[in-house]
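Undergrad: Dropping the structure in here first, questions after.
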Amino acid sequence: DAGVIQSPRHEVTEMGQEVTLRCKPISGHNSLFWYRQTMMRGLELLIYFNNNVPIDDSGMPEDRFSAKMPNASFSTLKIQPSEPRDSAVYFCASSLDFGRSYEQYFGPGTRLTVT
Amino acid sequence: AQSVAQPEDQVNVAEGNPLTVKCTYSVSGNPYLFWYVQYPNRGLQFLLKYITGDNLVKGSYGFEAEFNKSQTSFHLKKPSALVSDSALYFCAVRDGANNLFFGTGTRLTVIP
């Protein structure tokens, strides 16, 4: 298996622009998680899905952030409009199921820079 | 409040020496505990987990961790450190309500 795939790996954009991050989970995994990592705040869980349904989006920082999972093999995280404080590494992770015994498998991340 | 604590931001150890990376937790219900490792410019990689059963859990790359219920700890250990073990290590816990908490990470440096 190729593991969790994220694109793009790097994104540089100007403040105010829309940014879309993409994730393909491991085939057969039912749960998908979006995280943000910064030096100041560490690793933050933004939102997670189970069977394509958003379960908890309480970590989404504000309305500028939205996430979708239209099918089992694809998810997007969108920021509109982007701001410099959104600069971070965004990780997608998937797990076999939502049960708490299941470990997560992380993608390589998307490094977002907003100027 | 429910949380995970990694009290050391940085751990330095000489190559060949044993290493310990500390983790304590505070959650409701029985904890399910995990360790992940992050190498530079990479995503987190699963190392090992404690669900139930034997308190000593063995994982990838020769790592092991011991669940101590009375001390609410789940320290990561390895008998003999390698330079290639140098990375950022995260402890994580899921509580009885399936909430997920990650620690702030500990940077391990193994000195040749």
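A quick yes/no check of all residues on (1) open to solvent by 30 Å² or more (accessible area, probe 1.4 Å); (2) within 23 Å of A:ARG41 (Cβ to Cβ):
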position	(1), (2)
B:ASP54	yes, no
B:ASN68	yes, no
B:LEU82	yes, no
B:PHE101	yes, yes
B:VAL110	no, no
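Undergrad: Can you say whether A:GLU83 is within 15 Å of the chain's Cα centre (by Cα) and closer than 23 Å to A:THR38 by Cβ, as far as the supplied structure shows?
TA: no
Undergrad: Applying the selection to the stretch A:99-112, what residues are more than 7 Å from chain B (Cβ to nearest Cβ), touching a residue at least 60 places away in the same chain (Cβ under 8 Å) and surrounded by fewer than 18 Cβ atoms within 10 Å (Cβ to Cβ)?
TA: Hit for the stretch A:99-112 is A:ARG111, nothing else.
Undergrad: Of the residues that sit in the stretch A:49-104 and are of a type in the set (Lys, Arg) and not in a strand (DSSP E or B), which one is modelled with the lowest pLDDT?
TA: By that ranking, first place goes to A:ARG100.
Undergrad: Anything in the stretch B:84-97 that is surrounded by fewer than 15 Cβ atoms within 10 Å (Cβ to Cβ) and either within 14 Å of chain A (Cβ to nearest Cβ) or under 15 Å from the mean Cα position of the chain (by Cα) (or both)? List them, or say none. Spell out the reasoning first.
TA: Just the residues of the stretch B:84-97 that are surrounded by fewer than 15 Cβ atoms within 10 Å (Cβ to Cβ), to begin with: B:84, B:96-97.
Once the filter is applied, which keeps residues that are surrounded by fewer than 15 Cβ atoms within 10 Å (Cβ to Cβ) and either within 14 Å of chain A (Cβ to nearest Cβ) or under 15 Å from the mean Cα position of the chain (by Cα) (or both), the stretch B:84-97 yields B:GLY96, B:ALA97.
Undergrad: Return yes or no: is B:GLN71 at the interface with chain A (Cβ under 10 Å from one of its Cβ atoms) and either free of Cβ contacts under 8 Å to residues at least 60 places away in the same chain or at negative phi (or both)?
TA: Here the answer is no, as B:GLN71 does not meet what is asked.
Undergrad: In the stretch B:56-66, which residue that is open to solvent by less than 50 Å² (accessible area, probe 1.4 Å) and assigned to a strand (DSSP E or B) is farthest from the other protein chains (Cβ to nearest Cβ)?
TA: Per the criteria, the residue is B:GLU64.
Undergrad: Which condition does B:THR20 not pass, out of (1) within 21 Å of B:ILE111 (Cα to Cα); (2) more than 11 Å from chain A (Cβ to nearest Cβ); (3) not in a strand (DSSP E or B), if it passes all the others?
TA: In the conditions (1) within 21 Å of B:ILE111 (Cα to Cα); (2) more than 11 Å from chain A (Cβ to nearest Cβ); (3) not in a strand (DSSP E or B), B:THR20 misses (3) alone.
Undergrad: Please pick out the residue among A:ASN52, A:ASN71 that is more than 11 Å from chain B (Cβ to nearest Cβ) and over 14 Å from the mean Cα position of the chain (by Cα). Break it down stepwise before answering.
TA: Details: A:ASN52 fails: over 14 Å from the mean Cα position of the chain (by Cα).
None of the others qualify; the one that does is A:ASN71.
Undergrad: Mind checking which residues of the stretch A:1-48 are in a loop (DSSP other than H, G, I, E, B), more than 12 Å from chain B (Cβ to nearest Cβ), open to solvent by 60 Å² or more (accessible area, probe 1.4 Å) and farther than 29 Å from A:GLY99 by Cα?
TA: A:GLU14, A:MET15, A:GLN17, A:GLU18 - these are the residues of the stretch A:1-48 that are in a loop (DSSP other than H, G, I, E, B), more than 12 Å from chain B (Cβ to nearest Cβ), open to solvent by 60 Å² or more (accessible area, probe 1.4 Å) and farther than 29 Å from A:GLY99 by Cα.
Undergrad: Here's a check for you: in the stretch B:30-52, which residue that is closer than 25 Å to A:PRO8 by Cβ and more than 9 Å from every other protein chain (Cβ to nearest Cβ) is least open to solvent (accessible area, probe 1.4 Å)?
TA: Once the filter is applied, the top-ranked residue is B:VAL37.
The values are calculated or read from the model by the stated rules, or taken from the named source; none is laboratory data. Note that the structure is predicted; figures quoted are calculated from it, not measured. Here the Cβ is made from the backbone with ideal geometry for all residues, glycine too, and neighbour counts use every protein chain on show. Ligands, DNA and RNA are excluded from the accessible area calculation, which covers all protein heavy atoms including side chains. Shrake-Rupley method; radii C 1.70, N 1.55, O 1.52, S 1.80 Å.
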